[in-house]
Amino acid sequence: MRTALASLCLLVFVTAGASALGQTGAMNEATRILEKAQAAVLGETAAYTLRMTVNRSGKSPRVVTMDGFKAGDDRGLVRYTDPPKEKGTVYLRRDDNTYIYLPAAEKVARVGPKQTFGGGDFNNGDIFRLSLTRDYDATLAGEEKIDGVACDVLELKARNRGVAYDRVRYLVRKDGTFFPCIAEYFTISGKKLKVMKSDQVEVIGGRKRPTRLLMENALETGASTELKFLKIDDHPKLDERMFSPASLERER
Amino acid sequence: MNACSRPRHSNESGEVLRVCGWCVPILAFLLGAATARADDSQLGIENFLYRSTSTLLNRDNVFGLAPTENLFRLTGSLTKTRGAFGAKVSAFGEQQTGKTDEVRLTFRQAFVEYKTDDGFLLRVGKQKTAWGSGFVWNPTSRLEPPKSPANPGTEQPGIDAVRLDISPSGWASITMIAGRAQTALTDLPGSLARESDPEWTGALRARLLVRDTDIALTYVAGTARQGLFGVDLGRTLGPLALHAETAIYEGSEIDQAAPDDQFLRVAAGALWNPGDLTISVEYFFNGEGMNGAQFRDYTMRLDRNLTAASDPRLPPPVRAASLAEWSLDAAIPFSSNLGLRRHYASIALTRSEVLSNLTANLRALAGLSDRGVILTPGLAYAPTGHVQMNLDIVLLFGSESAEYKLAPIKRAVQARMKYTF
């Protein structure tokens with residue numbers, strides 16, 4: 001009897017352990033895919049030129065061109081270069097802090113991570129929080145075909161409520177490129193907020209990558225924002241001090 | 001009372017040149033020509049229209065204001081960058097139409113700089129510091145004219161200064177400024193416009209980012225300012241961006257006869273930006289502000305001295321002394337202070353894309369000590385990527401004895417248009 005009980009305990013322990021290991025394995029695999037998917041668009045550091053087009057039904061599209069800089073997962077700076085009336089507007093992300101410099105007001109102001117970026121459908125977190133692996137727990141949740149291409153489906157759950165979205169369904173191409181295809185963003189109650197599509201794969205900055213991100217607002221018909229990379233340099237020399245709020249106070 | 005006895009300083013500041021009317025087209029031509037060589041350039045017009053009225057301060061229109069005072073400006077700015085070197089010139093030619101043909105040329109900024117990505121900056125010339133996290137009130141920034149509380153969007157001039165910035169790291173930065181501080185209010189019509197002597201002032205500011213909190217420590221002192229020690233804090237809490245800016249002052253800004261007074265000013269507020277809407281709120285405590293009894297004494301003193309100054313039965317020396325006293329008191333609201341009372345609040349709502357390229361905003365400023373209110377509804381329209389137009393209306397409400405109703409202005413319309421090349 002004692003031997004039987006010991007065997008049962010061992011069986012339960014081994015099964016639970018194997019199950020946990022399996023889950024961890026799936027999670028590790030999901031995290032690995034997510035890391036590769038993130039690096040597929042922009043590397044660890046980058047200097048880029050971006051064109052943002054904000055579409056609203058019944059209104060003419062608003063087009064803004066900007067130069068951006070990225071250093072690691074928590075340093076980002078974007079400076080508007082066109083249209084002339086908005087030129088000089090700067091967004092800065094440093095760790096969990098986001099700032100905006102408004103040249104018309106000659107003012108540096110803090111803004112929240114969930115606030116919209118440049119009046120479009122991306123929020124500050126989408127633009128600057130480039131490390132999904134740090135903010136979300138990822139698990140593999142199957143496979144789907146998008147435009148005939150097989151994709152891994154990743155379920156991302158927010159680690160804390162400070163991040164932009166509570167849950168993200170993230171699809172990554174399985175063809176070895178790890179290009180992200182679609183990301184669907186949800187509230188904690190499961191309501192779909194936005195859908196982001198990554199496409200227009202082109203050679204830019206010396207390698208192939210998706211060059212267009214299209215964010216569609218699920219709550220507002222006809223509302224979408226397109227980010228199109230025009231230029232990318234994956235190896236710029238960036239001084240850490242350019243990503244400081246004090247640097248915004250030196251703008252003019 | 002004639003114009004000679006208006007409460008106006010007689011000293012001319014160095015940055016304002018008096019030139020004749022035909023200089024406006026010449027200025028426009030020069031700006032136009034320079035535009036072709038600049039990296040960034042703007043040309044614009046500003047028109048501030050004031051409807052004047054008699055108030056406790058302007059009894060029987062003692063300031064001699066026309067029923068409608070108009071302030072017309074032609075503005076221009078040029079920015080040029082070559083490597084780490086840069087320069088900026090921003091100026092306007094101003095005419096108080098209907099009052100005089102004289103055009104005054106004022107430089108808002110005119111500086112050269114050397115700036116690098118590692119946080120070093122040396123800037124020499126007329127410039128703005130524009131520091132402080134407060135939206136409407138900046139108690140730590142007392143080097144240049146304060147923003148107009150009714151319309152903080154209007155541009156204020158800078159000061160002649162040398163500025164040096166050093167950043168030992170990404171989370172720490174030090175700014176040193178030595179310059180000629182000038183904090184009198186601007187954009188005032190006719191005889192209310194102030195011209196005061198600049199005061200040599202030095203400022204030191206250390207800015208730190210510690211545990212996601214912005215901390216700035218400021219010290220300002222000079223020939224006319226004994227000392228100002230300020231602390232500025234900023235932090236994000238969920239969707240809100242919070243700030244608190246406070247300073248301890250030595251020396252009254254209202255009462256020149258009280259140079260040893262020590263008082264505190266605090267501005268604290270929040271910014272929230274749900275979608276196309278931006279909401280900001282701010283509270284301001286002005287430690288040197290008058291309480292109800294002091295303010296009543298002040299307005300009664302104004303009335304008493306003006307009555308005595310214009311009483312033909314009194315001997316001339318008595319009338320002159322009364323007029324001098326009245327002039328000193330009447331100048332207080334337009335000189336270097338951030339308000340006459342103690343408690344203020346502001347709320348600003350901005351809704352972008354109300355219609356295509358149209359932004360609507362509403363600012364409300366409340367004097368909590370006397371329930372005076374200034375409402376400033378406004379529209380901003382950008383029909384193309386080069387043009388920005390702003391129209392703001394300033395409306396004053398409250399009882400006749402409220403601070404905001406002292407202003408000899410019933411309402412104002414501020415129109416601005418800017419073309420960016």
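Summary table
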read-out: Any hit, segment A:75-82, residues being part of a loop (DSSP other than H, G, I, E, B) and at the interface with chain B (Cβ under 8 Å from one of its Cβ atoms); value: no
read-out: Enumeration of residues in segment B:195-205 that are buried (at least 20 other Cβ atoms within 10 Å of the Cβ) and away from chain A (no Cβ under 14 Å); value: B:198, B:201
read-out: Considering residues of segment B:304-322 that are in contact with a helix residue (DSSP H, G or I) (Cβ under 7 Å, 6 or more places away or on another chain) and in a helix (DSSP H, G or I) only, the residue nearest to residue B:59 (Cα to Cα); value: B:306
read-out: Where a residue in segment B:258-269 is surrounded by fewer than 17 Cβ atoms within 10 Å (Cβ to Cβ) and its partner, wherever it lies, is among the charged types (D, E, K, R), with Cβ under 7 Å and at least six apart; value: B:261/B:288; B:262/B:250
read-out: Criterion: of a type outside the set (S, T, N, Q), touching an Asp or Glu at 6+ places or on another chain (Cβ under 6 Å) and modelled with pLDDT under 90 - qualifying residue of B:190, B:134; value: B:190
read-out: Pick from segment B:218-239, criterion assigned to a strand (DSSP E or B) and exposed (fewer than 15 other Cβ atoms within 10 Å of the Cβ), ranking: nearest to the chain's Cα centre (by Cα); value: B:227
read-out: Neighbours by Cβ (under 7 Å, 6+ apart or cross-chain): first from segment B:110-124, at the interface with chain A (Cβ under 9 Å from one of its Cβ atoms); second part of a loop (DSSP other than H, G, I, E, B); value: B:115/A:250; B:115/B:84; B:116/B:84; B:117/A:239; B:118/A:239; B:119/A:244; B:121/A:250
read-out: Selection from segment A:223-252 of residues that are more than 10 Å from chain B (Cβ to nearest Cβ) and modelled with pLDDT under 90; value: A:248
read-out: Every residue from segment B:136-171 that is over 14 Å from residue B:186 (Cβ atoms) and either at the interface with chain A (Cβ under 8 Å from one of its Cβ atoms) or touching a Cys at 6+ places or on another chain (Cβ under 6 Å) (or both); value: B:165, B:167, B:169, B:170, B:171
read-out: Number of positions in segment A:133-192 that are of a type in the set (Ser, Thr, Tyr), more than 15 Å from residue A:30 (Cβ to Cβ) and not in a loop (DSSP other than H, G, I, E, B); value: 1
read-out: Some residue of segment A:32-43 being within 14 Å of chain B (Cβ to nearest Cβ) and either assigned to a strand (DSSP E or B) or within 15 Å of the chain's Cα centre (by Cα) (or both); value: no
read-out: From the options B:407, B:330, residue that is modelled with pLDDT under 95, part of a loop (DSSP other than H, G, I, E, B) and closer than 26 Å to residue B:72 by Cα; value: B:407
read-out: Residues of segment B:135-177 classified as β-branched (Val, Ile, Thr) and not in a loop (DSSP other than H, G, I, E, B), total; value: 6
read-out: Filter pass, residue B:376 being part of a strand (DSSP E or B), more than 13 Å from chain A (Cβ to nearest Cβ) and either in contact with a Lys or Arg (Cβ under 8 Å, 6 or more places away or on another chain) or closer than 24 Å to residue B:42 by Cα (or both); value: yes
read-out: Qualifying residues in segment B:224-270 (those that are small (Gly, Ala, Ser) and out of contact with any strand residue (DSSP E or B) (no Cβ under 9 Å at 6 or more places or on another chain)) - the one farthest from the other protein chains (Cβ to nearest Cβ); value: B:257
read-out: Any hit, segment B:176-184, residues being away from chain A (no Cβ under 11 Å), closer than 30 Å to residue B:279 by Cβ and buried (at least 22 other Cβ atoms within 10 Å of the Cβ); value: yes
read-out: Scan of segment A:83-103 for residues that are facing chain B (nearest Cβ under 7 Å) and farther than 22 Å from residue B:214 by Cα, ordered by number; value: A:83, A:84, A:85, A:87
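The values are calculated or read from the model by the stated rules, or taken from the named source; none is laboratory data. A quick note: this is a predicted structure, and the numbers were derived from the prediction, not measured. With ideal geometry, Cβ positions are generated from the backbone for all residues, glycine too; neighbour counts draw on all protein chains shown.
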